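In what follows, a single structure is set out as structure tokens and then discussed.
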Amino acid sequence: MCKPVCMYVCVCVFFCLSSSASLLACVIRQASSQIYIAPDSLIGVERYMSSLAIENAPEDVQEYSWHRGANDTEENLIISYNTTSHSRRDGPMYSGRESVSIRGTLRIRRSQLNDTGNYTVRVDTINDTQRATGWLEILELEIPQISVNTTSVVDGEDAVAATCYTSDSHVQWYVNYVPVSGNYRMTISPDNKTLVIRMFGRFDSPLQCGIEILPELIQKSDLVYVTVAYGPYSLLLSSSPTAFNGILSAEIGSQVEMKCISYSRPESKYRWIHNGSLLSFSEKNFTLPSLTWDQMGRYRCIAENSATQVTLYEEVHVQAPWHRPVVSRSFTISGSLLVLLIIFIVLGFTHFLVVLIRALFRHYSTRYLLHWAQGGALAGGSNSRDSTSLRGEAEPEWGRDQPGTEYSGIIWANY
């Protein structure tokens, strides 16, 4: 079936063929300036905007008028736009979803299947009026559906298989909103409708598939979320006062706060153990309002995830702070001790003087007697002894000191 624009061109060409060659060139130029509706704009998709664009529109356009059907009668008028006054006029076929641009393009918002049909545009210039008709086809929108074999997995352990239900063979897969293709963890079936992800992780959700309904127009399925259980990967035990190397120093009567921090899904469950005994407290925060001696010791926080079967623990030892002993630099002596010290010093000094005097006396007595004996009666030897006897004097009896007596160290003589 020939569109009116094609009929117009055909008539012109036929007329030129029956005329001279000069008339043919003229008519071809006229045909090339005839307006028409761009063919690629005559396809629309349900729920999307359709735009019918005019080609070869003259420069001196006064008004664009769009009509529903193959003619431009007033009863078929949808909307018109006057380029001089920049005003628009709605016709009987106006549905409230149509508008016209300053270039004459008809835009239909939220296209519907019943929008399919002929559309005629009339372009009024100062000296001429041109018309063009085109058939708009609104395609039914196909929304692909998606399903998964499971909606709950453990991070890095389980596999997930997703299926895209569509009649289109050109399927694009999206993992966490990013388009993907096959890799070492992801396998796509030959018909592109099944995606298998091994070692499914917490950053692999949500899943989505899409099809190309028009060039550069992708219709995506709904998002499918997979619940991924993970952790706890680490456990931190913080406290106030701050613990150093697992030791928390706190004064008796002070407040002690301890807090377990772990990241997991589902949320970790907590248990507290004090010196080997399980406490009834099961929250992540643990507070001792007024520390007592019985509350001293080792505390262990345990975090466990029942879904992943992972359990972690951390410990801290609560003890009284160590105080450096204070050494007094002052020295004091009681009165009685001072008296005894003075007596001891006096007695000791007196004994020292007695010993010193005795030693001096013995030393000088010995030297005097030896000197007298050698320089006096003993100076003449045996002759002196004989001479003394001749004089009728008694001969003295010499002797040495007697050890262990008071004469020790003394040379003596008896006459």
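The values are calculated or read from the model by the stated rules, or taken from the named source; none is laboratory data. These figures come from a predicted structure and were not determined experimentally. In this analysis, Cβ positions are derived from the backbone assuming ideal geometry, glycine residues included, and neighbour counts consider all displayed protein chains. All accessible areas refer to the heavy atoms of the entire protein, side chains included, with ligands and DNA or RNA removed. Shrake-Rupley method; radii C 1.70, N 1.55, O 1.52, S 1.80 Å.
Some points to look at:
- Taking every Cα-Cα distance in segment 92-202 and sorting them into 5 Å bins starting at zero, the pair-distance distribution P(r) comes out as 2, 8, 14, 15, 9, 7, 7, 8, 8, 8, 6, 4, 2, 1, 0, 0 percent.
- Estimated at the nearest 10 Å², the accessible area of Lys220 is 80 Å² with a 1.4 Å probe.
- In order through segment 223-240: 3J(HN,Hα) via Karplus (6.51 cos²θ - 1.76 cosθ + 1.60), integer Hz, x for Gly, Pro: 7, 10, 9, 10, 7, 10, 8, 8, x, x, 8, 8, 9, 10, 10, 9, 8, 9
- For the pair Leu141 and His170, the difference between a 0.36 nm per residue extended length and the Cα-Cα distance amounts to 8.9 nm.
- Given their separation in residues at 0.36 nm each and the Cα-Cα distance between them, Thr227 and Asn127 gain 29.1 nm when the chain is fully extended.
- Nonpolar atom fraction for segment 248-353, defined as the carbon and sulfur part of the 1.4 Å probe accessible area, stands at 60 percent.
- Long-range amide H partners of Thr308 with built H, under 5 Å: none
- Separation of segment 121-157 and segment 222-259, taken as the distance between their Cα centroids, equals 53 angstrom.
- Peptides 203-210, 169-176 ranked from most to least packed, by the mean per-residue count of other Cβ atoms within 10 Å: 203-210, 169-176.
- Segment 40-104: relative contact order as a whole-number percent, Cα under 8 Å and 6+ apart: 24
- Cut-off under 5 Å, modelled amide H: who pairs with Leu248 long-range: His317, Val318, Gln319
- q = 0.09, 0.18, 0.20, 0.22 Å⁻¹, segment 122-268: log10 I(q)/I(0) [Debye, one scatterer per Cα]: -0.53, -1.02, -1.15, -1.28
- The 3J(HN,Hα) values that the Karplus relation (6.51, -1.76, 1.60; θ = phi - 60°) gives for segment 72-86 are, in residue order, 10, 6, 5, 5, 9, 5, 9, 6, 9, 9, 9, 6, 7, 8, 6 Hz. Gly and Pro appear as x.
- Taken one residue at a time, the phi angles of segment 307-320 give Karplus couplings (6.51, -1.76, 1.60, θ = phi - 60°) of 6, 8, 6, 9, 10, 10, 9, 9, 10, 8, 10, 9, 8, 6 Hz. Gly and Pro are set to x.
- Ligands, DNA and RNA aside, Met186 has an accessible area near 20 Å² when probed at 1.4 Å.
- Segment 251-338: mean projected area of Cα convex hull, nm²: 9.5
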